[in-house]
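Before any comments, here is the structure.
The values are calculated or read from the model by the stated rules, or taken from the named source; none is laboratory data. Fair warning: this is a prediction, and the values are worked out from it, not measured in the lab. All Cβ positions, even for glycine, are placed from backbone atoms using ideal geometry, and neighbour counts span all protein chains on display. Surface areas here come from the heavy atoms of the whole protein model, side chains and all, with no ligands, DNA or RNA. Shrake-Rupley method; radii C 1.70, N 1.55, O 1.52, S 1.80 Å.
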Amino acid sequence: MGYWGYLVAAKSDEPLDTLPELATFGEEYVEVKPLANGWQQAWVAGANDNPVIGAQQLAAATGHPVLAALILDSDCGPVAAATPSGATWSATLAKSTAIDSYDMPDDGISGAVATSSFAEWATSAALPADQSLVTQALDPAATGPEHLFTLLLQATGISPIT
């Protein structure tokens with residue numbers, strides 16, 4: 001059995017698990033770890049199935065961009081990003097698995113369009129967007145959503161490339 005819950009990356013002077021807005025994703029905080037330059041990653045047992053809502057609320061509270069993904073049994077999951085000014089982006093990690101194994105509807109958005117729209121969101125968030133890493137992360141046939149989320153963090157410079 002894989003991981004069920006949220007992965008959330010946000011920048012804050014306070015530990016993420018002390019911010020009430022993190023509870024938008026769920027009440028059970030599994031772990032919070034520091035990344036680089038004030039960024040943190042939280043693992044949260046999720047209650048809300050829409051990562052856009054939580055990302056928007058946490059971005060407004062921290063004044064920094066937020067990326068969040070709802071991971072379904074380490075198979076796939078919706079991913080979203082938000083800026084404090086309200087710019088949002090969303091897609092699906094391991095999209096083919098989501099459609100084939102979880103009966104998620106196909107939104108008709110190709111990997112190329114998802115990659116392009118992520119780059120636009122990253123620009124609005126004043127973050128870089130390494131095209132190669134974003135393309136790998138948003139490839140519909142890719143697997144391992146935790147790793148794919150990490151690729152998005154690395155593409156934007158939130159997490160160092162290891």
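Tell me, in nm to one decimal, what length is gained between Glu28 and Ile161 on full extension, where the rule is 0.36 nm per residue of separation less the Cα-Cα distance?
Values: separation 133, 0.36 × 133 = 47.88 nm, distance 2.84 nm.
Between Glu28 and Ile161, full extension yields an extra 45.0 nm.
How large is the accessible surface of Ser159 in square angstrom, using a 1.4 angstrom probe and rounding to the nearest 10?
20 Å²
In sequence order, what are the phi-derived ³J(HN,Hα) couplings for region 51-68 according to the Karplus relation 6.51 cos²θ - 1.76 cosθ + 1.60 with θ = phi - 60°, rounded to whole Hz, with x for glycine and proline?
For region 51-68, the Karplus curve yields x, 5, 4, x, 4, 5, 5, 5, 5, 5, 6, 8, x, 9, x, 9, 10, 8 Hz.
Please give me the summed charge of the neighbours of Asp106: other residues whose Cβ is under 12 Å from its Cβ, Lys and Arg +1, Asp and Glu -1. Mind dumping the intermediate values first?
Details: positive: Lys95; negative: Asp100, Asp103, Asp107.
With Lys, Arg at +1 and Asp, Glu at -1, the neighbours total -2.
Quick check: residue separation of Met104 and Asp49 times 0.36 nm, minus the Cα distance between them. What number comes out in nm? Please report the intermediate quantities before stating the final value.
Working: separation 55, 0.36 × 55 = 19.80 nm, distance 1.25 nm.
So the extension gain works out to 18.6 nm.
Å³ per residue of the Cα convex hull, for region 75-116? Display every interim value, and only then the final one.
Values: hull volume 3.1 nm³, N = 42.
Given the Cα convex hull of region 75-116, per-residue volume reads 74 Å³.
With label points built 7 Å along Cα→Cβ from the Cα atoms of Ala60 and Ala126, find their separation and express it in nm.
Those two pseudo-labels are separated by 2.1 nm.
Using θ = phi - 60° and the Karplus curve 6.51 cos²θ - 1.76 cosθ + 1.60, what whole-Hz ³J(HN,Hα) does each residue of region 12-22 get, with Gly and Pro shown as x?
With coefficients 6.51, -1.76 and 1.60, one gets 7, 6, 9, x, 4, 6, 9, 8, x, 5, 5 Hz.
Around Leu16, with a cut-off of 12 angstrom between Cβ atoms, what is the net charge of the other residues, counting Lys and Arg +1 and Asp and Glu -1?
Working: positive: Lys11, Lys33; negative: Asp13, Glu14, Asp17, Glu21, Glu31.
Summing Lys and Arg as +1 and Asp and Glu as -1 gives -3.
Which whole-Hz ³J(HN,Hα) couplings does region 142-157 yield from phi under the Karplus relation 6.51 cos²θ - 1.76 cosθ + 1.60, θ = phi - 60°, glycine and proline marked x?
5, 10, x, x, 4, 5, 5, 4, 4, 4, 5, 5, 5, 4, 9, x
Relative to 2.2 N^0.38 Å, what does the C-alpha radius of gyration of region 1-115 come to as a ratio? Two decimals please.
Numbers: Rg = 13.8 Å, N = 115, 2.2 N^0.38 = 13.4 Å.
Rounded to two decimals, the normalised Rg is 1.04.
Taking amide H atoms as placed 1.01 Å from N in the peptide plane, list the residues 5 or more away in sequence, or in a different chain, whose amide H sits under 5 Å from that of Asn50.
Under 5 Å from the amide H of Asn50 lies no amide H from a residue far enough along the sequence or on another chain.
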